[in-house]
Amino acid sequence: VQLVESGGGLVQAGGSLRLSCAASGSTFSSHVMSWHRQAPGKQRELVATITSGGGSTNYADSVKGRFTISRDDAKNMMYLQMNRLRPKDTAVYYCKAVYAWNTYWGQGTQVTVSS
């Protein structure tokens, strides 16, 4: 599985962005997908997770109520809708796919929120 993120950019505080993660491979629907982020000088942290089939989602407390994770298995795509962005949301955002014993990461997309 290859993952490619897009949709990052510069936005003012309070604004919105929608990140996309495009996946290759025919088993995408079987993968548990997640978004992670890493700010400068900090460890990578989990932002949101969506199960295979999209039946369950989980969010970090810091983004609950502002971010929404979703997936479209027919298109091999995963999304992260980010609303009411804050400067602390500034980071490189990565998508991750897990299936059986395999873990895959994308290259990341930069999100910068100005105050």
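Observations on the structure shown:
- Here is the figure for segment 51-91: residues that are polar (S, T, N, Q), outside any strand (DSSP E or B), without any contact (Cβ under 8 Å) to a residue 40 or more places away in the chain and farther than 10 Å from S29 by Cα total 2.
- For segment 55-74, the set of residues classified as of a type outside the set (F, W, Y), open to solvent by less than 30 Å² (accessible area, probe 1.4 Å) and either over 11 Å from S34 (Cβ atoms) or modelled with pLDDT under 95 (or both) consists of V63, R66, listed by residue number.
- Within segment 2-18, the set of residues being among the aliphatic types (A, V, I, L, M), open to solvent by less than 50 Å² (accessible area, probe 1.4 Å) and touching a Ser or Thr at 6+ places or on another chain (Cβ under 6 Å) is empty.
For (1) under 16 Å from V111 (Cα atoms); (2) in contact with a Lys or Arg (Cβ under 9 Å, 6 or more places away or on another chain), each residue gets a yes or a no:
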site	(1), (2)
L10	yes, no
L17	yes, no
S20	yes, no
G25	no, no
A39	yes, yes
K42	yes, no
G53	no, yes
N58	no, no
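- Every residue from segment 87-109 that is touching a strand residue (DSSP E or B) at 6+ places or on another chain (Cβ under 6 Å) and open to solvent by 40 Å² or more (accessible area, probe 1.4 Å): P87, K96, V98, Y104, W105
The values are calculated or read from the model by the stated rules, or taken from the named source; none is laboratory data. Bear in mind that the values here come from a model prediction, so they are computed numbers and not experimental data. Because the Cβ atoms are built from the backbone with ideal geometry, glycine has one as well, and the counts that use them run over all protein chains shown. Side chains are part of the model used for accessible areas, which takes the heavy atoms of the whole protein and leaves out ligands, DNA and RNA. Shrake-Rupley method; radii C 1.70, N 1.55, O 1.52, S 1.80 Å.
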